1. Sort through PRO205, PRO189, PRO201 and tell me the only one that's farther than 21 Å from CYS254 by Cα and either exposed (fewer than 14 other Cβ atoms within 10 Å of the Cβ) or among the small types (Gly, Ala, Ser) (or both).
2. Testing LEU59 on (1) crowded, with 16+ Cβ neighbours inside 10 Å; (2) in a helix (DSSP H, G or I), one condition comes back false. Which one is that?
3. Starting from the range 106-120, take each residue that is farther than 20 Å from HIS241 by Cβ and list its partners that are among the aromatic types (Phe, Trp, Tyr) and surrounded by fewer than 17 Cβ atoms within 10 Å (Cβ to Cβ), counting only C-beta distances under 7 angstrom and pairs at least six apart or across chains.
4. For the range 269-292: of the residues being touching a Leu at 6+ places or on another chain (Cβ under 7 Å) and within 13 Å of ligand 2 (Cβ to nearest atom), which is nearest to GLN57 (Cα to Cα)?
5. Only one of (1) closer than 11 Å to ARG286 by Cβ; (2) touching a Lys or Arg at 6+ places or on another chain (Cβ under 9 Å); (3) not aromatic (Phe, Trp, Tyr) is not met by ALA109, so which one is it?
6. Taking the range 271-288 only, how many residues are part of a loop (DSSP other than H, G, I, E, B), within 18 Å of the chain's Cα centre (by Cα) and within 15 Å of ligand 1 (Cβ to nearest atom)?
7. Of the residues VAL30, VAL65, VAL36, only one is surrounded by fewer than 20 Cβ atoms within 10 Å (Cβ to Cβ) and over 19 Å from the mean Cα position of the chain (by Cα); which?
8. Take residues that are without any contact (Cβ under 8 Å) to a residue 12 or more places away in the chain and tell me which of the helices (runs of 4 or more DSSP H) falling wholly in the range 124-191 contain 3 or more.
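All of the numbers you see were taken from the coordinates with simple rules; none came from a lab. In this text, all values refer to a predicted model and were calculated from it rather than measured experimentally. Cβ sites come from the backbone with ideal geometry, for glycine too, and all protein chains shown count toward neighbours.
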Amino acid sequence: MSSTEVVRSNDYVVQPVSNVLGAEVIGLDVSEPLDVGTLAVIGQAFIDHHLLVFRDQSLSDEAQVAFSKQFGQLEAFPEADKTKSAIEIYNVANVSPKGEQFDINDHRAIYQKVNARFHTDSSYRTIPSLASIMYGIEVLPDNAQGGETEFSNMFLAYDALSEQIKARLEPLHMVHYYEFGRRLYPELPPVSIEERRMVPPVTHPVIRVHPDRNNRRSLFITTNAGNEIGGMTLEEGQALHAELAEHVAQPQFCHRHRWQRGDLVMWDNRCLLHRAIDYDMAAHRRVLRRTTVAGAGPISGPFSAES
Ligand code: OGA
Ligand code: MN
């Protein structure tokens, strides 16, 4: 940086946005690399709050990619038509990269609806994602209904289960597969052979153990990328899954983020689920841009955690 460029102030504050998860970071410009001290503070705040909202940002695609890479390697998306300018940039929008609003029957609009069910990003991969980072470019007006992203805290959801259900879940794995989202919306074109090959069904423990948090446990499920439990009959697995899906949606675990333009929201996919709240896609434009930090390795379950 030359000495004539703007010097950023590090006078930022981190303040919780709810009792269950999330904090906002005000006064920090993340368009330039964070210094080592700031990165450490932000890293710790991320562990403590699971979700950070950096307000009032102004970020190009490249700046968002550069910010995201400070937290790890980025994922590339399995489907090129959902990306924008680079394979690491995912266009979460009812508007094309060129700026035309999709017809509500356009596949790219319908595809957004898969996100309306609680999930964690990339759980359909053998190595699920660590964090997603989403930037608000066009957001709904304040008086419009919906359009928020809702998050649910899987530490709290796990803690609230009865001892009996915890014991029942202990040895279970869930089947996660990318194609499941398509089955929810049969009007969507089928997943191609290459996509299916790239992201075949995988299983993960239903209880996730977090080695970097004293082996604390959380639930690890999805409701948009599967509903089967390995080793159970389809009916039994689906019944248990439906119970868990209802459990995680309870408001005492949840926080809704109402988007403001310029928000950069970074959330921990290891311990939160999220979903998009429905909005009138014909009436409103909503343009968010996502990057995704890859996980460090396969997830730990109760039997794989180091004591
Ligand atoms: C996503 C997602 C939620 C939203 O892009 O992964 O779940 O509110 N988006 O659009
Ligand atoms: Mn998502």
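1. Working: PRO205 fails: either exposed (fewer than 14 other Cβ atoms within 10 Å of the Cβ) or among the small types (Gly, Ala, Ser) (or both); PRO201 fails: either exposed (fewer than 14 other Cβ atoms within 10 Å of the Cβ) or among the small types (Gly, Ala, Ser) (or both).
Matching residue, one of PRO205, PRO189, PRO201: PRO189.
2. In the conditions (1) crowded, with 16+ Cβ neighbours inside 10 Å; (2) in a helix (DSSP H, G or I), LEU59 misses (2) alone.
3. Close Cβ pairs (under 7 Å, with a partner that is among the aromatic types (Phe, Trp, Tyr) and surrounded by fewer than 17 Cβ atoms within 10 Å (Cβ to Cβ)) amount to ILE110/TYR185.
4. My answer is THR291.
5. (2)
6. Adding up the residues that qualify gives 3.
7. Sole residue among the options that is surrounded by fewer than 20 Cβ atoms within 10 Å (Cβ to Cβ) and over 19 Å from the mean Cα position of the chain (by Cα): VAL36.
8. Hits in the range 124-191: 163-169.
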